[in-house]
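First comes the structure, then the notes that go with it.
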Amino acid sequence: MNALKETLAKTLCEAPGMEGFTPSSLAELFDTPPDPAMGDLALACFKLSKLMRKSPVAIASDLSAYLTEHPVNGIFKSENAGGYLNFFVSDAYRVSILKGILDQGEAYGTNETGKGKTMVIDYSSPNIAKRFHIGHLGTTIIGNSIKLLHRFCGYRTIGINYLGDWGTQYGKLVVAFKHWGSEETIREKGIDELNRLYVLFGTQAEKDPSLNDEARAEFNKLESGDEENLRLWRMFKEISLKEYMKTYDLLGIQFDSFNGESFYSDKMPAVVDELREKGLLKLDDGASIVDLSAYHMPPCLILKRDGSSLYPTRDIAAALWRKKEYDFDKCVYVTSAGQSLHFAQWFKVIGLMGYDWEDQLVHVPYGTFSINGEKIASRTGNVVLLDDLFRDAIEKAGAIIDEKNPDLEDRDKVAEAVGIGAVIFNSLLSNRIKDVDFNWNEALNFEGNTGPYAQYSYARACSILRKETDELEIPDDPALCTEEKDLITVLSAFPEKILRAVKEYEPSVITRYALDICQSFNRFYNSCPIRGALPEEKAVRLGLCKAVKTTLGSALHLIGLKTPEKI
């Protein structure tokens, strides 16, 4: 319906008294009435009243009369309803939308807003030598969806996993390995052994604080290029990545770069020199800072008193390198909302350094994650590992499938797709800034606002198309029932939803839209039988099933869900 809104707006802007509006500004004022009996589109003339200095009722009456003399193709009736101008869309126009969706196929909803542009996105980014836990889920799946959405809009996308692979914690790991570990055990037990050693170091350091001095010394050796420490660090990183790739494969997520903090260790001195040369560095109690008081922010710390770098130093170095390497049009960072100040500070430093692309840096924050109301807190030991979460999800999905469809082919693959999909869908259903509470009974329900419900609806469309193989031509002007009209209206919104999701960096726009499709499709399925329908009816209904399969399939893919054709 977006194209129809634009045509309507353009026509109405040519009416007498509408000189103060542009087609684009007027198109934004259209809305969908709450009741289909009130029309398919509505223009609230209250929003025009002040500028036009006329009552909303008079404006609606005048515009309705103008449309009678200047009809718009697709609108068969417009009426004045108490200051609202309601428009009724013809069935022929709706069918033209349906045919357009079918003609475009999997390209439906794509656009070229990002053509010739590059979007770099920094997401997931775990600290090596530690297991993935649910706290990493948000950045990983939100970032993946944002990347997929931008690619759908024609952007060249560069996904970066900015691994936490540098710092004193690796000095601690080296000390723990040398005191209590063995390479053989690490090779055998992998990341679990690395995690055990790291925890053991913390326990022992409480008894013997001198271990912390050893850790700093070992990290200094690592920074200085000590061959043995570098060899151990590479081993720790290799084992960690091998473990992480299992999770990424399960989620269907791929990255273009794994350049972590260590990659920029030799690039930070140049950043410090540049800040100093440009007169931006100040000493504050021995530390080097950039004063941001003029921007109502605390100072941005660049160097500690001992001269060692901090996160802002590394992030600035990384941004400068990425701009030079990728010449991005925007660089997006997906992290928890708790880091918002950090990003605001160093983004401002980039601007103060004289770079005119500060506004191309985007922080995308998200809320906290919890399980059944219990927040995740690693310091209290309340950590849910992603491996455990996914394993439980797959097992529970498998049990439900065994009950509903015990003879299902590829049962294990479907259980994996449904279980993982339930976790992702539940996590992306609300606005990303809101806190997420994962509840098993809700997330795995095949009848609620859930991933399994969406995947089952997709599988239902596939099932219909497998059984009904007739190739029938859709007539140009059939008589549509209410459920058919509603479904076409919902499907027509996909391109608009894509643009909004990209503009707002908000995957939940697509998640909720997928539910809109499912709900409308299931009403249609229950009210509009295909078997036994007249040829014209059958042609339209099969076309609708194909359009649902295409559009719902694309929507689910864009939030990271797999789409089994049988469940």
Count of residues meeting criterion [farther than 14 Å from L386 by Cβ and either modelled with pLDDT of 95 or more or surrounded by fewer than 22 Cβ atoms within 10 Å (Cβ to Cβ) (or both)] in the stretch 128-143: 2
Can you name the strands (runs of 3 or more DSSP E) wholly within the stretch 275-348 that have at least 3 residues being over 18 Å from G164 (Cα atoms)? 281-284, 287-290, 300-303
Among the listed residues S288, S257, which satisfies the condition of being assigned by TED's automatic domain parsing to the domain that holds F201, at pLDDT 95 or above and in contact with a Leu (Cβ under 6 Å, 6 or more places away or on another chain)? S288
Tell me the strands (runs of 3 or more DSSP E) entirely within the stretch 1-114 that contain at least 2 residues that are among the aliphatic types (A, V, I, L, M) and touching a residue at least 60 places away in the same chain (Cβ under 8 Å). none
Unique match (being touching a helix residue (DSSP H, G or I) at 6+ places or on another chain (Cβ under 9 Å) and within 24 Å of T157 (Cα to Cα)) among V349, V332: V332
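Each row is one residue, and each column tells you yes or no for (1) of a type in the set (A, V, I, L, M, F, W, C); (2) modelled with pLDDT of 90 or more; (3) loosely packed, with under 13 Cβ neighbours inside 10 Å; (4) under 30 Å from V540 (Cα atoms).
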residue	(1), (2), (3), (4)
P23	no, yes, no, no
P36	no, no, no, yes
L48	yes, yes, no, no
V57	yes, yes, no, no
D62	no, yes, no, no
V72	yes, yes, no, yes
I75	yes, yes, no, yes
Y84	no, yes, no, no
Only unsatisfied item for M235, checking (1) part of a helix (DSSP H, G or I); (2) surrounded by 15 or more Cβ atoms within 10 Å (Cβ to Cβ); (3) within 25 Å of the chain's Cα centre (by Cα), is (3)
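Report yes if G109 is in contact with a Cys (Cβ under 7 Å, 6 or more places away or on another chain) and at positive phi, otherwise no. Reasoning before the result, please.
Details: in contact with a Cys (Cβ under 7 Å, 6 or more places away or on another chain): no; at positive phi: yes.
Here the answer is no, as G109 does not meet what is asked.
Scan E496, E484, E504 and give me the residue that is of a type in the set (D, E) and free of Cβ contacts under 8 Å to residues at least 24 places away in the same chain.
On the way: E496 fails: free of Cβ contacts under 8 Å to residues at least 24 places away in the same chain; E484 fails: free of Cβ contacts under 8 Å to residues at least 24 places away in the same chain.
After ruling out the rest, the residue left standing is E504.
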Answer from G143, G171, G138, G154 - the residue that is over 15 Å from L241 (Cβ atoms), touching a residue at least 12 places away in the same chain (Cβ under 8 Å) and in a loop (DSSP other than H, G, I, E, B): G154
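The values are calculated or read from the model by the stated rules, or taken from the named source; none is laboratory data. What you see is a predicted model; the values in this text were computed from it and never measured. Please note: Cβ atoms are built from the backbone with ideal geometry, for glycine as well, and neighbour counts cover all protein chains shown.
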